[in-house]
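Working notes, structure below.
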Amino acid sequence: MQQRTTQQRAAQPRTAAAARPQPQQRPATPTPSGQRAKAPSGQRPTSPTDEFARLVQRNTVDVRNAPGRTRRRRNPLVGKIALGLAVVCAAIDASAFAVFVGGDTTFAFGICFVTVFLTLVAAVLGFIAAVGSLGRWYGAIGVVVAFLANPVILIVLIVVVAPELLTDMGGSAT
C-alpha cells in the first residue's frame, strides 16, 4: 500500500470534483428492455423506480408532493368558543355595571364575581387555542377581549384613566 502525503490528499478532492460531470452533462441512464422509457415532458413517471432514477439523475430530492406530508388543518372551534365566551363576558360585565349604577350593589358584585371566573376560563381557552393552533387568531383576540372584560381590570383602568367617573357611580342621592 502506498502512503499518500497530505498535499496529495488535499489535491485529490479538487481533481475528483473537476472530473465529475455537471447534472446537465450527465448522460441519460439506459433503460433495460423490460422497463418503460422516459416519461414525456410534463408528465411524472409512474413507477417508483423511474421516479428514483429521475431524482438521482437530477441529483436532488423532490419533497413538494411527498405522500404522507399533507398538513391537516386543525379545527378552529376552541378559538371561536374562547372569543364567544369573552364577548359574552363583556356583555355580562356591562350589565353588572348597569345594575351597580342602578343601586343594587350586592347583585352587581355577585355578577362581577361570576364574570371574573368566566373571563379566566375564556382567557385560558384562548391561550390554548392560540398556542395549539386551534383557531389561533380567534384565541388571541379572545384572550385580549377576556382581559379587557374582566371586572377587576376594568375597575383598575377606571381608577387610573378616569377617576372622575367613580364619583358619579353608586346611584342617585335623591
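Which of the numbered conditions does Pro76 fail, given that it passes all the others? Conditions: (1) within 13 Å of Pro151 (Cα to Cα); (2) touching a residue at least 60 places away in the same chain (Cβ under 8 Å); (3) open to solvent by less than 40 Å² (accessible area, probe 1.4 Å).
The number of the failed condition is (1).
Between Thr115, Thr106, which is over 25 Å from the mean Cα position of the chain (by Cα), polar (S, T, N, Q) and open to solvent by 80 Å² or more (accessible area, probe 1.4 Å)?
Numbers: Thr115 fails: open to solvent by 80 Å² or more (accessible area, probe 1.4 Å).
Unique residue meeting the criteria: Thr106.
Using the structure shown, decide if Phe147 is in contact with a Ser or Thr (Cβ under 9 Å, 6 or more places away or on another chain) and either surrounded by fewer than 18 Cβ atoms within 10 Å (Cβ to Cβ) or at positive phi (or both).
yes
Inside region 92-174, counting only helices (runs of 4 or more DSSP H) that do not spill past its ends, which hold 2 or more residues that are over 28 Å from Leu77 (Cβ atoms)? Before you say what the answer is, go through the steps one by one.
Numbers: elements: 105-131, 136-149, 151-161, 165-168.
So the answer is 105-131, 151-161, 165-168.
List, please: which pairs have Cβ atoms under 9 Å, are six or more places apart or on different chains, and start with a residue in region 149-165 that is within 16 Å of Ala90 (Cβ to Cβ) and end with one that is acidic (Asp, Glu)?
Ala149/Asp93; Asn150/Asp93; Pro151/Asp93; Leu154/Asp93
Could we say that Gly68 is under 33 Å from the mean Cα position of the chain (by Cα) and modelled with pLDDT under 90 here?
yes
Taking the stated definitions as given, is Ile141 at pLDDT 90 or above, buried (at least 16 other Cβ atoms within 10 Å of the Cβ), more than 31 Å from the chain's Cα centre (by Cα) and β-branched (Val, Ile, Thr)?
It is false that Ile141 is at pLDDT 90 or above, buried (at least 16 other Cβ atoms within 10 Å of the Cβ), more than 31 Å from the chain's Cα centre (by Cα) and β-branched (Val, Ile, Thr).
Inside region 118-138, can you point out the residues that are closer than 13 Å to Leu148 by Cα, open to solvent by 40 Å² or more (accessible area, probe 1.4 Å) and within 23 Å of the chain's Cα centre (by Cα)?
Leu120
The values are calculated or read from the model by the stated rules, or taken from the named source; none is laboratory data. From a predicted model like this one, the values you see are computed outputs, not experimental measurements. Heads up, the Cβs are rebuilt from the backbone with ideal geometry, glycines too, and the neighbour counts pull from every protein chain shown. Areas reflect the complete protein model, heavy atoms only, side chains present, ligands, DNA and RNA absent. Shrake-Rupley method; radii C 1.70, N 1.55, O 1.52, S 1.80 Å.
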